[in-house]
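Worksheet: one structure, shown below.
The values are calculated or read from the model by the stated rules, or taken from the named source; none is laboratory data. As the structure is a prediction and not an experimental result, all values here were calculated from the model. Because the Cβ atoms are built from the backbone with ideal geometry, glycine has one as well, and the counts that use them run over all protein chains shown. Note: accessible area is taken over every heavy atom of the protein model, side chains too, but ligands, DNA and RNA are not part of it. Shrake-Rupley method; radii C 1.70, N 1.55, O 1.52, S 1.80 Å.
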Amino acid sequence: MVLAILLLTVTIIIVIAVLAAVGAAKLARLDGATYPTALARAAVAFTAVLTLAAAVTTVLTEVCSHLNW
């Protein structure tokens, strides 16, 4: 059960990261950026979402390890 929850969580995070990247690329193209520039902005957005998810996971792990269940 824990593995299923973990896989679902990772899948949701990746989907959110991809959606953020697509949105960033679309906004860059609407702003007049070239395709390589839009792709670079999409990559930055994708990486930022994954970095944020990793940071939140680290903080939650640290907080939960100090709780007395």
Exercise. So, in segment 1-28, of the ones that are more than 13 Å from ALA53 (Cβ to Cβ) and surrounded by 15 or more Cβ atoms within 10 Å (Cβ to Cβ), which residue ends up farthest from the chain's Cα centre (by Cα)?
Worked result: ALA28
For this session: Within segment 34-52, track down each residue that is aromatic (Phe, Trp, Tyr) and open to solvent by less than 80 Å² (accessible area, probe 1.4 Å).
Result: PHE46
For this session: Under 9 Å between Cβ atoms, at least 6 apart or on separate chains: pull out the pairs that start in segment 9-29 with a residue that is closer than 14 Å to ARG41 by Cβ and in a helix (DSSP H, G or I) and end on any residue that is among the charged types (D, E, K, R) and open to solvent by 90 Å² or more (accessible area, probe 1.4 Å).
Result: ALA21/ARG41; ALA24/ARG41; ALA25/ARG41; LEU27/ARG41; ALA28/ARG41
